[in-house]
Amino acid sequence: MRIEQVEDNFYILHGKMKEMTDYYDLKVLLEKRKQAGKVEVQFKIPQAKEINFFILGYLLKLARKDGFKFRFLIASPYLYESLHRFGLHIFFELENGS
């Protein structure tokens, strides 16, 4: 996965989101934002069809315990439906971008 910053709080996550290195890359980015008090983040996910459970768990922890507000623009109908089935639409704002 490659992270592209478009604006201060808007990022595009290119490629697959399956590796542990992807988890660590996102964690470093979000920890910096947390320390700066910037807790609103938008992610566009144009290609991934799945997200590593470590990443999902970390994002859920940030949303529930640290007050992060996440908005996802998801191109894959499969990923969008999966996140809804997991009930994550309760904690994240999900937008179908297909």
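The values are calculated or read from the model by the stated rules, or taken from the named source; none is laboratory data. Since the model is a prediction, treat every value here as computed from it, not as a measurement. Here the Cβ positions follow ideal geometry from the backbone for every residue, glycine too, while neighbour counts run over all protein chains shown. With ligands, DNA and RNA removed, areas are computed over all heavy atoms of the protein, side chains included. Shrake-Rupley method; radii C 1.70, N 1.55, O 1.52, S 1.80 Å.
Remark: the chain carries a charge dipole of roughly 260 debye about the Cα centre, counting +1 on each Lys and Arg Cβ and -1 on each Asp and Glu Cβ. Rolling a 1.4 angstrom probe over the protein heavy atoms with all chains in place gives the chain an accessible area of 59 Å² per residue.
The GNM of the chain, with springs linking C-alpha atoms under 10 angstrom apart, assigns the highest mean-square fluctuation among Ala63, Ala48, Ala36 to Ala36. Per-peptide packing, taken as the mean over residues of other Cβ atoms within 10 Å, places 71-79, 87-95 in the sequence 71-79, 87-95 from highest down. Surface composition of the range 1-81: carbon and sulfur make up 51 percent of the accessible area, probe 1.4 Å.
Largest first, the three principal axis extents of the alpha carbons in the chain are 34, 26, 25 Å in whole numbers.
Length gained on full extension, Gln47 to Arg2: 15.1 nm, using 0.36 nm per residue less the C-alpha separation.
You can think of it this way: the chain between Asn96 and Phe10 has 29.3 nm of extra reach, that is 0.36 nm per residue less the Cα-Cα gap. Within the range 25-47, whose backbone N sits under 17 Å from a point 7 Å along Cα→Cβ of Ser82? Residues passing the 17 Å test: 44-47. Within the chain, antiparallel bridges make up roughly 25 percent of the DSSP beta bridges whose residues both belong there.
Once C-alpha pairs closer than 8 Å and six or more residues apart are averaged by separation and normalised to the residue number of the range 1-62, the relative contact order reads 41 percent.
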